[in-house]
Amino acid sequence: MMAHAAGAPPFEEYLSKIDAIDGWLSNGTARISHAVMLEQSRRDIHGNICEIGVHHGRYFIALAIGLRSGERGIAVDLFEAQEENIDRSGLGDRAQFEANVRRFLDPAAILAIQGNSTRMSAADITRHGPVRFFSIDGGHTQAITLNDLRIAEEAICAGGVVALDDILSSHWCGVISGLADYKHHGGTLAAFALVPNKLLLCKSGDVARYRAFMTASFGSCLEKSGVEMMGDVVDVFGEPSPPPHAAAAPSSMPDDTERLKRELEALQVRLDRVLSSRRYRLGTAIANAYNRLRLSRSA
């Protein structure tokens, strides 16, 4: 696990490093998702996280940071079987994903499954335990989105949340088409919030509680309340600001201190070499003789 800088909020310290991972994730959405997981913990909702379509793990890791002891992160991706990536909506790389996991997480708590979600069922996920946060970011076609929503609906526990990626992206219209298909055919997940690039859904009985939580926690970036969306009512949130105290302890400080220390040591070595050089000693002797002669003449 990565160490935190002294005084820095733990998640903010992670987030500053997660930015380096290749992928597509708003920092605000990462903050909101982490806050939702903290709210689940406060409500004693236990379970794993699962993501279909992890790419290199940027959002997966942001979620997995919120896991508690005994919970697991389940990553589902085609990985090396990219010939099955029919819409090229991502490029999962198992080696890169696992390297990122080792950097930020306890690998023993992470299960990576190479597979095509259209040939999987919720049981393939829940046999490892209940899921409290489920991210859908795999194939972006209508059929695959419909399939993955059905899996998530069956997999999440009471109080669980589902995040659907690229819901309003004009490049991936299959996602909103898949959601419409899911709702038309009796899907029971209900949307409660639209955050940067993701739609958050839950079981209908949890909608009021999560809407209240989001308004209380992120009211400062609430852009529009009570928006109709395929039979549901959602609140639209913009990009939340980082906590004020996050800027007080930048995560780069320890690295900068070490770098400056090394530069100072290198300069000291160079200075010692100059002071001990024959050219420097000769130049100093000549300068001293000249100064003595100048002083004697002026006297």
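Under a straight-distance cross-link criterion of Cα-Cα below 14 Å, which aspartates and glutamates are reachable from LYS198, leaving out those fewer than 8 residues away in the same chain?
Straight-line reach from LYS198, under 14 Å: GLU51, ASP137, ASP165, ASP166, ASP235, GLU239.
Which trypsin sites (Lys or Arg not before Pro) does segment 44-99 hold that lie in a coil by DSSP with at most 14 other beta carbons within 10 Å?
ARG68, ARG88
Do any of LYS17/LYS224; LYS17/LYS203; LYS203/LYS224 go past 27 Å between their Cα atoms, and which?
Those over the limit are LYS17/LYS224; LYS17/LYS203.
Report the calculated FRET efficiency for MET120 and SER69 (r = Cβ-Cβ distance, R0 = 30 Å), to the nearest 0.05.
Calculated value: 0.65.
Is the C-alpha gyration tensor of segment 99-214 telling us rounded, prolate or oblate? Criteria: a/c under 1.5 is rounded; beyond that, a/b larger than b/c is prolate, otherwise oblate.
Because its axes are fairly even, with a/c under 1.5, segment 99-214 counts as rounded.
Net charge near ILE21: determine it from the other residues with C-beta under 12 Å of the C-beta of ILE21, scoring Lys and Arg +1 and Asp and Glu -1.
Local charge sum for ILE21: 0.
Counting Lys and Arg as +1 and Asp and Glu as -1, what is the net charge of the other residues whose Cβ lies under 15 Å from the Cβ of GLY178?
It works out to a net charge of -4.
Compare the Cα positions of ASN197, ILE151, PHE213 along the charge dipole of segment 148-240 (+1 at Cβ of Lys, Arg; -1 at Cβ of Asp, Glu; about the Cα centre) and return the one farthest towards the positive end.
Farthest towards the positive pole: PHE213.
Using a basic spin-label model with each label point 7 Å from the Cα along Cα→Cβ, how many nm lie between ARG43 and ALA158?
With each label point 7 Å from Cα toward Cβ, the separation is 1.1 nm.
No lab work stands behind these numbers, since they all come straight from the coordinates. Note that this is a predicted model, so its numbers are computed, not measured. Don't worry about glycine lacking a Cβ; one is built from the backbone with ideal geometry, like all the others, and counts go over all protein chains shown.
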